[in-house]
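Data first, discussion second: the structure below is written as structure tokens.
The values are calculated or read from the model by the stated rules, or taken from the named source; none is laboratory data. Treat the numbers as computed from the prediction; the structure is a model and nothing was measured. Every residue, glycine among them, receives a Cβ derived from its backbone with ideal geometry; neighbour counts consider all protein chains shown.
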Amino acid sequence: MKILSIVGARPQFVKAAPLSKAIRRGHEEILVHTGQHYDDAMSRVFFEGLDLPEPDVNLGVGSGSHAEQTARMLVGIERLIQDHRPHCVLVYGDTNSTLAGALAASKLGLPLVHVEAGLRSFNRTMPEEINRILTDRVSTLLLCPTQTAVDNLRCEGIDSGVHLVGDVMFDAAAWAARRADSHSDVIDRLGLSRGDYLLATVHRASNTDDVANLSQIVEAFVEQDRPIVWPVHPRSRKTLAMHGLLARLEDAGHVMLIEPLGYLDFVALTMHAAFVLTDSGGVQKEACFHRTPCITLRDETEWVETVRGGWNRLVGSDKARILAALATPFAPPTKPVDGDELWDGRASERICDSLQQVLGVGPTVRKAVTKPVGLTTSDRAPITI
Ligand code: UD1
Ligand code: UDP
């Protein structure tokens, strides 16, 4: 089977790493990079650090308004589909690259495969929520990471082609957790002590485009006395600089504003942080995978299992709530996180099985992982295999 896979933004490179390997064991893959993210630290570093094959095509669309960016991708992807005539198009997550791939494929009548289908924040002011809803609506095969995602789709009347496969980000996290301590020196490089620093990421439009929200977050960080490592997304760097907030953080002395990191460095920091503070979707989950308490700088999450499991607290961008969450230690929950039986490093294999079952032409994919990846929920033991 010939599969045209679309990636474009940082989290999609992470998700594609394990799945692309699995797909290529039994199928032909054409990997298309839309060029949505293009800085070396937002793109190249992942292809090098994750053993992800170089993209076959880079559309180089770059930044722009939602309409400009999506439209440029749409034109490029349509042309590629016509040139390569794949059996299906595969998209990841909820970015503009996802939506462009979904529209191009469905308008040309091609089967569309959505990895990370069914997630909902129920907040339609998020561009990602619009991208998810529209993509799921036109998908042929909807590959859900959680039972909640399956239930969300059912509530919208979508039950055909829905498969619960688990989370490819866990596959990537498990791979990285085995290498992070031996392949990353980031903790020493930054002069940090394990368990005694905070790791922060902020890039969501609701925080970066609203200076009042961003200021509250900054002020909460300024009031901490532990080191805070903040690999700054280029979008946030611009807003922070524009409003004098970069200088405010630099003057505080304990906030390390660094360039975005490669995946292994970021995983190493996540594994050993006292807390993760983030508005990222992927980072919330990874904190939970690695059993690091997470404080989410949003009012809702698509990953409700992490909150129910006791590893994630939603505090929005309110300074008082952020400080209160940091002052209240998380009691290590002893119960398992809902759905963690699917955190076994085999989501990519299950996705290949679903592809075969639903779209099935071509050889059966050979299994690569023979031992499931284990996790404990009662402590912060690293993921083992
Ligand atoms: C996008 C996704 C978001 C995802 C995030 C992952 C959409 C609507 N949003 O948000 O869901 O969580 O990626 O990080 O698709 N920029 C650079 N260099 C780059 C990339 C971006 O300087 O390599 C700057 C540009 O000023 C650009 C801004 O960041 O305008 C925003 O980039 P964009 O890709 O539009 O959205 P993200 O905020 O990255
Ligand atoms: N990440 C990284 N380096 C960083 C910040 C994040 O490698 O400096 C990884 C992180 O481990 C996760 C992914 O990028 O796998 C999340 O991307 P992001 O937060 O940009 O997007 P979201 O998940 O919110 O869509």
| Search result, residues across the stretch 222-236 that are crowded, with 17+ Cβ neighbours inside 10 Å and either of a type in the set (Val, Ile, Thr) or under 14 Å from Glu250 (Cα atoms) (or both) | Val222, Gln224, Pro227, Ile228, Val229, Trp230, Pro231, Val232
| message | Given the condition in contact with a Lys or Arg (Cβ under 6 Å, 6 or more places away or on another chain), within 17 Å of Pro127 (Cα to Cα) and within 16 Å of ligand 2 (Cβ to nearest atom), answer yes or no: does some residue in the stretch 86-102 qualify? | response | yes
| query | How about the stretch 140-248: which strands (runs of 3 or more DSSP E) wholly inside it have at least 2 residues that are more than 26 Å from His37 (Cα to Cα)? | reply | 162-164
| request: Pull up the stretch 7-45, narrow it to residues that are in contact (Cβ under 8 Å) with a residue 40 or more places away in the chain and in contact with a Ser or Thr (Cβ under 6 Å, 6 or more places away or on another chain), then point me to the one that is farthest from ligand 2 (Cβ to nearest atom). | output: Ala22
| field | 1 or more residues among the aromatic types (Phe, Trp, Tyr), surrounded by fewer than 17 Cβ atoms within 10 Å (Cβ to Cβ) and modelled with pLDDT of 90 or more: qualifying helices (runs of 4 or more DSSP H) within the stretch 267-385 | value | none
| said: Within the stretch 55-62, does at least one residue satisfy the condition of being closer than 23 Å to Val283 by Cβ and part of a loop (DSSP other than H, G, I, E, B)? | reply: no
| message | Kindly evaluate Leu164 against the criterion of being within 14 Å of ligand 2 (Cβ to nearest atom), at pLDDT 95 or above and either among the aliphatic types (A, V, I, L, M) or touching a Ser or Thr at 6+ places or on another chain (Cβ under 6 Å) (or both). | response | no
| message | Any residue that is in contact with a Pro (Cβ under 8 Å, 6 or more places away or on another chain) and surrounded by 14 or more Cβ atoms within 10 Å (Cβ to Cβ) - is there at least one of those in the stretch 71-88? | response | yes
| query | Pairs under 7 Å by beta carbon, first residue more than 23 Å from Cys352 (Cβ to Cβ) in the stretch 167-192, partner more than 13 Å from ligand 2 (Cβ to nearest atom) and in a helix (DSSP H, G or I), six or more apart or different chains? | reply | Ile187/His272
| query | Quick check: is even one residue across the stretch 46-62 touching a residue at least 60 places away in the same chain (Cβ under 8 Å), away from ligand 2 (no atom under 15 Å from the Cβ) and within 21 Å of the chain's Cα centre (by Cα)? | reply | no
| Does the stretch 244-251 contain at least one residue that is within 14 Å of ligand 2 (Cβ to nearest atom) and touching a helix residue (DSSP H, G or I) at 6+ places or on another chain (Cβ under 6 Å)? | no
| query | How many of the residues making up the stretch 262-285 are within 21 Å of Ile217 (Cα to Cα) and within 14 Å of ligand 1 (Cβ to nearest atom)? | reply | 9
| query | If a residue has to be within 20 Å of the chain's Cα centre (by Cα), within 14 Å of ligand 1 (Cβ to nearest atom) and not in a loop (DSSP other than H, G, I, E, B) to count, how many in the stretch 72-128 make the cut? | reply | 11
